[in-house]
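In what follows, a single structure is set out as C-alpha cells and then discussed.
Every read-out reported here was derived from the displayed coordinates using simple, explicitly stated rules and does not represent laboratory data. It should be emphasised that the depicted structure is a prediction, and the values quoted were computed from it without experimental measurement. A quick note on method: Cβ atoms are made from the backbone with ideal geometry, for glycine too, and the neighbour counts reach across all protein chains shown.
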Amino acid sequence: MLFRGYCIFKSTSEAFETGRVLGSPSFKEFGLVFEYCPAPREYSNDCTLALYFESIDETYTPQDIQSLHTRLDSQLTAKNCTCKLVIL
C-alpha cells in the first residue's frame, strides 16, 4: 500500500535534522520522498514547519509503516528531536 503523511515539529532545526535522518542511507530502504512545507492547520495551530512524505513502494504493509515510525522515533530521540507523525 502506498502511504503518505506529515512529520510536524516544534522548531525549524528539528525539521531540518529529521530531513537529514530521512535522507540518510539507513532510511533508503523505506523509499520515501519528502519536502518541507508549512504544518497543516488541522494538525498544528502554530506556524511551524513540517515534512510531507510519500512512499514510492506499493508493497508496504502496516508493519512496515510501524517499523519506519519506530526507527525514526529512535533516531530522533538520540538527537533530542521530537515530531508528531501523522499518517494520512
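If you take the residues of the stretch 1-18 that are part of a helix (DSSP H, G or I) and of a type outside the set (D, E, K, R), which of them is surrounded by the most Cβ atoms within 10 Å (Cβ to Cβ)? Among residues in the stretch 1-18 that are part of a helix (DSSP H, G or I) and of a type outside the set (D, E, K, R), the one surrounded by the most Cβ atoms within 10 Å (Cβ to Cβ) is Thr18. Candidates in the stretch 24-56 are the residues that are small (Gly, Ala, Ser) and in contact with a Leu (Cβ under 9 Å, 6 or more places away or on another chain); of these, the one that is nearest to Gln75 (Cα to Cα) is Ser55. The residues of the stretch 41-86 that are outside any helix (DSSP H, G or I) and in contact with a Ser or Thr (Cβ under 7 Å, 6 or more places away or on another chain), listed by number, are Leu49, Leu51, Cys81, Cys83. Selection within the stretch 37-76: residues that are aliphatic (A, V, I, L, M) and surrounded by 15 or more Cβ atoms within 10 Å (Cβ to Cβ). The member of this set that is farthest from Leu88 (Cα to Cα) is Leu76.
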